[in-house]
Every structure is written in structure tokens, then in C-alpha cells.
1. For the stretch 237-260: of the residues being assigned to a loop (DSSP other than H, G, I, E, B) and hydrophobic (A, V, I, L, M, F, W, C), which is farthest from the chain's Cα centre (by Cα)?
2. When you look at Leu107, is it touching a Cys at 6+ places or on another chain (Cβ under 8 Å) and either modelled with pLDDT under 95 or of a type in the set (A, V, I, L, M) (or both), yes or no?
3. When the stretch 160-181 is examined, which residues are found to be among the aliphatic types (A, V, I, L, M) and away from the ligand (no atom under 15 Å from the Cβ)?
4. Checking Ser405 against (1) farther than 30 Å from Met231 by Cα; (2) exposed (fewer than 15 other Cβ atoms within 10 Å of the Cβ), which single condition isn't satisfied?
5. In the stretch 261-301, which residues are of a type in the set (Val, Ile, Thr) and either part of a helix (DSSP H, G or I) or within 16 Å of the ligand (Cβ to nearest atom) (or both)?
6. Using the structure shown, decide if Arg307 is within 13 Å of the ligand (Cβ to nearest atom) and either modelled with pLDDT of 95 or more or outside any loop (DSSP other than H, G, I, E, B) (or both).
7. Which condition does Tyr152 not pass, out of (1) under 20 Å from the mean Cα position of the chain (by Cα); (2) in a helix (DSSP H, G or I); (3) aromatic (Phe, Trp, Tyr), if it passes all the others?
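The values are calculated or read from the model by the stated rules, or taken from the named source; none is laboratory data. Being a predicted model, the structure only gives us computed values, none of them experimental. Neighbour counts run over all protein chains shown; Cβ positions are idealised from the backbone, glycine included.
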Amino acid sequence: MYNAASKKAEEFICHEEILGTLAYADENKHNLELIDSIIEKAKRRKGLTHREASVLLACEDEQKNEEIYRLAEQIKKDFYGNRIVMFAPLYLSNYCINGCTYCPYHLKNKHIPRKKLTQEEIKREVIALQDMGHKRLALETGEDPVNNPIEYVLESIRTIYSIKHKNGAIRRVNVNIAATTVENYRKLKEAGIGTYILFQETYHKDSYLTLHPTGPKHDYAYHTEAMDRAMEGGIDDVGIGVLFGLDKYRYEFAGLLMHAEHLEAVYGVGPHTISVPRLRDADDIDASSFTNGIDDDTFAKIVACIRIAVPYTGMIVSTRESQKCRERVLHLGISQISGGSRTSVGGYAEKEPDEESSAQFEVSDTRTLDEVVKWLMDMEYIPSFCTACYREGRTGDRFMSLCKSGQIQNCCHPNALMTLKEYLVDYASPDTRAVGEALLLKELEHIPNEQVRAKVAEHLEVIENGTGNDFRF
Ligand code: SAM
């Protein structure tokens, strides 16, 4: 019944195969010989199967776990260097007709203020985001074909790309909206979106049906097969994820990797990103009433195991996580984070009063983007505002081949430095700027190709002088 290449949800995410995987992982969690051989395989940086990775996730041996963490950190460095891509979510509308039991936007919530941004309001939000220094957004909406039809989303994308305020620009719009049709995915692609992101929430079908009792999202197969339709519609950068806390994490972990294997098997390209959101308290949602919550250690182990199982896939952690937790998982494989986020509809241009909050969940990391950028640089990470790949048409397997050819250091690294320079010149506080300029000087030396290095130095000067920007390789 299990078939990674099938386009049927219940065949590529096969319940029996997951149960078999969990049993295999349990049987072998003390099998140090097998664990060693899996770690050896992971060191070849070609990834692991869901079965192999599940054994590592189940492993309780402290020494082996240390090896897993070290390897995750090394793989992260090899593929992503010390760059961390920055983004912010932009909530367009919280009208929703679904009944998701963990989300405060569910239809039965009658007291949360319902809001939908007009194009004028979107402009104000985008200007506020540009003034923070953001270049990359993730659009979020509830599912409501009357209030948030695809035309509204498309119009909003056009508005966002059209706004040029001072030196600001949103150069990449990723979209996180409910599962939709091939035709709508095609329209999103034509509108110039970056990644299409959709969280599975849970891969466990029975739980899925209970957690989504009403509304179009109740349809497990339609939701699970969304990425196939997105690919058919021409979107080759897709982002998957589960909401940890809804079902048992080991089940979800195996499901996530099976989903990645499925995309690779059918379309020749795995997911562009994997997100690891954890359930949070929200308006009428008490996260502690869900019994499958995971602690920080388990969370870190999941991140490390995903990192070594799918080395070419970016990994995203949001402001659902605290500064401390984010710091820990940055070392283990996270390559993209949000900063200065608002999870309400509106709220960047003007803060919402707490009593009128339209927020989707409570944010843990409430620091400004400037604080997040400085914090990253203090740890010697390079905050990157780069959006070059997708604008150069390097999506899907073309992006993956850039990763695989090892050219990242001559391409992504310079692009990260030039976009960081833009940030420092246009938006940073004096303290952040000072730390950043020192980091740039040091990092320039890490560009292996001499000609590229000289070109970057030239561009950095032009940005400094204010006579040009938006350079990319
Ligand atoms: N409405 C879209 C859909 O149906 O997929 C997606 C947008 S929704 C605004 C983004 C994500 O937030 C959801 O996919 C869910 O995983 C997450 N989310 C919902 N409630 C949450 C909560 N209480 N805590 C943390 N994340 C939550």
C-alpha cells in the first residue's frame, strides 16, 4: 500500500508504514551498530530515509545524540554557512470558515475581532515593514472564499510588490494560504510568489479529522495532496511543516520525511523549506489542554534529525519560540527566522490595543528586527535579506543544484553580505551598524573567488555611498 511515488495521500503518507517505522525505531533505538551506520551514512550528506532518521530520533544514547547534534551543526555550516535568512509574516485577513480546534480564527470564535486589510491598509503595513528593513514576507490568511478569495490575495501581492518607499522594497512574497486548486496555484505562480507554504498540521489522519471537524480543511486528502497540485500549477518551491503538539511527534516526524520523499520521488525536488511550529496559547486556545506538547530538548532533537535527514532543505523557526530556544536550534540546522513579527491583522503600522487583539497566537520572541539582527551578528551569524535565487529563476531543482555544486560560498554568501550592508546603511541603529560593519569586513575575506570578492567590495562601497543597491549574483 505504501508508495512514495503515488499521488494519493493515503499511499504516500501511509499509516501502516508510519506505524512500521515507529516499531522499527523502537526495536533499534539501542542498536548502536545500526545507529553508527546511519550516522555514517548521514555524514555522506545525501540524507536519510524516514526509517533511518526515525531510529536516530528514538535513540536515547547520550554519546550518539551528541554525535547527531555535532553532525547537524556541521551539515548546517557546510550547506548554509553562517547565513540566516530573515522574513516577517503579514496577516491579511483572519476571516475563516474552518473549525480548526487549535486556531483562534475558527468559525465559532465570535469574539475575536475579524479584520481584513484593504489595499490602502496593506500599503501602510508594507511601508512599516520596509522601514524596519524587511525584504521578504510570508502572507497569511484564514480560509474564506467570500472574504478572502484568490483575487484578493493576488491583488494584495500586486500591491505589495508595487510599493517602493525610500530604498525599501519587498522582493519576495511567500504565501501561506489554505490548500487550493491547480488553477489558483498557477495564478499565484504568475503573480510572482516565492515559496508556497502549507502546514500539514498533523499527518495522523484520524487526529486530523478530529482537529478539523468542519469546513473545507476537514478534507484530509485534499489538504495532504495540496503540494502536488501546487507543483502541477508550476510552483516548484514549496514549504511543508507540522504543528508540533497536535499529535505524537515521532509520528509527525516520519510523516514529514515521507512527504519530502514523495515530492522528491514524483517531482525530482524535495520541499524548499520545512517549518517546525509549536502550538501556542491564543485568544480562546489553551495550548496546555493539548496533550502532545513537546519540551525544548525534544524540539532540538527534531530539528537536528531533520537537518541531517534532508540537508538541502531550508528550515524555518518563527517567533513562536523564545530567544533562548531559537538560539539553541540555530546551531542545529535552522536557516530562516522571522523577526519583529506581528501575528495580528494589521499591527505593523500601528500597534493593536491588547483588548482588541486579532492575533493568531502569542509571540514568544518580541524583540525588534534590529535587536534580532544584532543578536545574530553577536553570535557571528550573517542575517541575510537576500532574495536573489528566485529572482534569478533559481527555484526548484535549479536551486538544489546550486546547493549541491558547492557554489553557495561564491553566490549566497556575497548576496547575504550585500543585502546586510543595505540593512546596515538604511535601517540599523548605530550599535547594530557598528557590529555589522566589523562582521562584513571579516566575512568579505571568506569569499573564495578573488574576482567575486573584488566585485562585492565594490558593490559594498556603492551601497555605502548611496549611489546604488540591489546587487546580486
Ligand atoms: N489558513 C491557512 C491554512 O489553512 O493552512 C494557513 C495560515 S495559518 C494563518 C498559519 C499556521 O498557523 C497554521 O497552518 C497553523 O499551523 C498555525 N497555527 C494555528 N493556530 C496556532 C496556534 N494556536 N499556535 C501556533 N500556531 C498556530
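1. Residue satisfying both the conditions and the ranking: Leu246.
2. So Leu107 fits the description; yes.
3. Ile160, Ile163, Ala169, Ile170, listed by residue number.
4. Looking at each condition in turn, Ser405 falls short on (1).
5. Filtering the stretch 261-301 down to residues of a type in the set (Val, Ile, Thr) leaves 266, 269, 273-274, 276, 285, 291, 294, 298.
Within the stretch 261-301, Val266, Thr273, Ile274, Val276, Ile285, Thr291, Ile294, Thr298 qualify.
6. Values: within 13 Å of the ligand (Cβ to nearest atom): no; either modelled with pLDDT of 95 or more or outside any loop (DSSP other than H, G, I, E, B) (or both): yes.
It is false that Arg307 is within 13 Å of the ligand (Cβ to nearest atom) and either modelled with pLDDT of 95 or more or outside any loop (DSSP other than H, G, I, E, B) (or both).
7. Only one criterion in (1) under 20 Å from the mean Cα position of the chain (by Cα); (2) in a helix (DSSP H, G or I); (3) aromatic (Phe, Trp, Tyr) is unmet by Tyr152, namely (1).
So that you can scan it fast, the table gives a plain yes or no per residue for (1) within 16 Å of the ligand (Cβ to nearest atom); (2) outside any helix (DSSP H, G or I); (3) at pLDDT below 95; (4) more than 24 Å from Thr313 (Cα to Cα):
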| position | (1), (2), (3), (4) |
| --- | --- |
| Arg158 | no, no, no, yes |
| Glu183 | no, no, no, yes |
| Thr195 | yes, yes, no, no |
| Pro213 | yes, yes, no, yes |
